[in-house]
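First up is the structure itself, then whatever we jot down about it.
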Amino acid sequence: MEAAAVFTVAQQLGGRAAALFVISDHLDERVWEPRFHDTREGLRRALRLAVGTLEY
């Protein structure tokens, strides 16, 4: 939802936008397994990718 809002604002203002997501939990038919505590490496990798893209 947040990314949709960012893209909508960028489109209305004639700007550009991007979104990067890190999956923080697992959900199937049986159980929800929160894994918010396990996102550190994924967030670091996402940040490196974003910075690399911006530097390009």
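The values are calculated or read from the model by the stated rules, or taken from the named source; none is laboratory data. Here the structure is a predicted model, which is why all the values come from computation and not from measurement. Here the Cβ positions follow ideal geometry from the backbone for every residue, glycine too, while neighbour counts run over all protein chains shown.
Residues in segment 41-56 that are assigned to a helix (DSSP H, G or I) and more than 12 Å from the chain's Cα centre (by Cα): Glu41, Arg48, Val51, Gly52, Thr53, Leu54, Glu55.
Looking only at segment 5-25, residues that are surrounded by 10 or more Cβ atoms within 10 Å (Cβ to Cβ) and part of a helix (DSSP H, G or I) come to 7 in all. Look at segment 19-30: where a residue is under 12 Å from Ala46 (Cβ atoms) and a partner is in a loop (DSSP other than H, G, I, E, B) and of a type outside the set (Ser, Thr, Tyr), sitting 6+ places away or on another chain with Cβ atoms under 7 Å, you get Ser24/Arg35.
Taking the criterion of being closer than 22 Å to Ala4 by Cβ, of a type in the set (Ser, Thr, Tyr) and modelled with pLDDT under 80, the only residue of segment 21-56 that qualifies is Ser24.
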